[in-house]
């Protein structure tokens, strides 16, 4: 499998990069599966829209806290230790959701676990994986590597979303209890965590730490040649500025994470589980494949311009979807939005990784992604409260306007950056 993945990567990418991309792909399938299954499962347990929004919020808040801790300790903690520890947490999360059926325990598991209610990757794996692969390829090919890294996860996530309809099929074919079959989906999530654990254990020892290696000095082996660096060092200011900007984008995105879109489509148009699964399979596939175009466009007009000019139409379409008169129109608009909505992802990651040296990359990835998680964590609960009162697409309209504001600010602050980094 790793050799197959290697052929899709830039020629300068190392086998370690291929291992991480394969692990990301497997996690993508698990995330795509549960992101659609989650809201349907919770509604089947009898939870209200507000309760669903609260659990989604808890997953995002928990991911933010854990991601920050992972990123800020990665410069002095073994990378393999962090990644395998995240796999253990992922397995326990799946078991917890499969076992508990009341709001209180599920809120705790959601807050402490790795469950991802969105189509993107907001998890503890993110800062360590990104920091690792950023140094496993030539600088010029880094945007392409990040594109493949994201596309693997996106396509697998689309397949996972499609597979989320299987519990309904099995329950119908074999006359099984639907909730029981859905619980097995969370056990599948835990099983994938075990497979990813094995992959990460195979990473070479040179990936144990991000701290620059100190050459051995036989005469004075007990004296280190350089101190352990701080998490961000002199790059703290620029990283925090980027974090503040990215948080605005995610504040809007939190209104339309996959689980909340599933909820809106169910309440507004009574969209069937099979149709919902097919829709998010298609949007994930379209969004993932579109990322492969982003590095080519960026070479012509620059990273920042590509990020903004592809994001703006996606957010206009999102706002327009709120006014869809029926489910067919809503589905068509969401499919059209998917063509543009994810093209900025690999470019944003490459932009951040190019801003700091290797020993600060995990911290930079963490600090720029955690505000995204925190900002997006605050809004699903609000979206759930809105949908509890009205089925009109206010969450989509609000999300589109807020994310458009981010695009315009991004252009205002960074449009003069060099075309490539």
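Observations, loosely collected:
- Boolean, residue 314 is out of contact with any strand residue (DSSP E or B) (no Cβ under 7 Å at 6 or more places or on another chain) and in a helix (DSSP H, G or I): yes
- Within the set 21, 52, the sole residue that is in a helix (DSSP H, G or I), modelled with pLDDT of 90 or more and either surrounded by fewer than 18 Cβ atoms within 10 Å (Cβ to Cβ) or touching a helix residue (DSSP H, G or I) at 6+ places or on another chain (Cβ under 8 Å) (or both) turns out to be 21.
- Some residue of the range 297-306 being modelled with pLDDT of 90 or more, surrounded by fewer than 21 Cβ atoms within 10 Å (Cβ to Cβ) and touching a helix residue (DSSP H, G or I) at 6+ places or on another chain (Cβ under 6 Å): yes
- Verdict on residue 328 being out of contact with any helix residue (DSSP H, G or I) (no Cβ under 8 Å at 6 or more places or on another chain) and part of a helix (DSSP H, G or I): yes
For every residue, the table says whether it meets (1) in a loop (DSSP other than H, G, I, E, B); (2) in contact with a helix residue (DSSP H, G or I) (Cβ under 7 Å, 6 or more places away or on another chain); (3) at pLDDT below 85.
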| site | (1), (2), (3) |
| --- | --- |
| 122 | yes, yes, yes |
| 133 | no, yes, no |
| 140 | no, no, yes |
| 149 | no, yes, no |
| 156 | no, yes, no |
| 184 | no, no, no |
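- Put simply, of 355, 379 the only residue that is modelled with pLDDT of 80 or more and under 13 Å from residue 247 (Cα atoms) is 379.
- Flag if residue 83 is buried (at least 20 other Cβ atoms within 10 Å of the Cβ), modelled with pLDDT of 85 or more, at negative phi and in a helix (DSSP H, G or I): yes
- From 46, 104, residue being without any contact (Cβ under 8 Å) to a residue 24 or more places away in the chain, surrounded by fewer than 20 Cβ atoms within 10 Å (Cβ to Cβ) and over 22 Å from residue 167 (Cβ atoms): 104
- The condition of being at pLDDT below 80 and crowded, with 21+ Cβ neighbours inside 10 Å holds for only one of 66, 90, 1, that being 66.
For (1) free of Cβ contacts under 8 Å to residues at least 40 places away in the same chain; (2) crowded, with 17+ Cβ neighbours inside 10 Å; (3) more than 24 Å from the chain's Cα centre (by Cα); (4) within 30 Å of residue 80 (Cα to Cα), each residue gets a yes or a no:
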site	(1), (2), (3), (4)
352	no, yes, no, yes
379	no, yes, no, no
386	yes, yes, yes, no
412	yes, no, yes, no
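- For residue 408: the one exception among (1) surrounded by 14 or more Cβ atoms within 10 Å (Cβ to Cβ); (2) within 25 Å of the chain's Cα centre (by Cα); (3) modelled with pLDDT of 90 or more: (1)
- Verdict on residue 343 being assigned to a loop (DSSP other than H, G, I, E, B) and buried (at least 18 other Cβ atoms within 10 Å of the Cβ): yes
The values are calculated or read from the model by the stated rules, or taken from the named source; none is laboratory data. Since the structure is predicted, the reported quantities are computational estimates derived from the model, not experimental observations. Ideal geometry is used to build each Cβ from the backbone, glycine not excepted, and the neighbour counts take in all protein chains shown.
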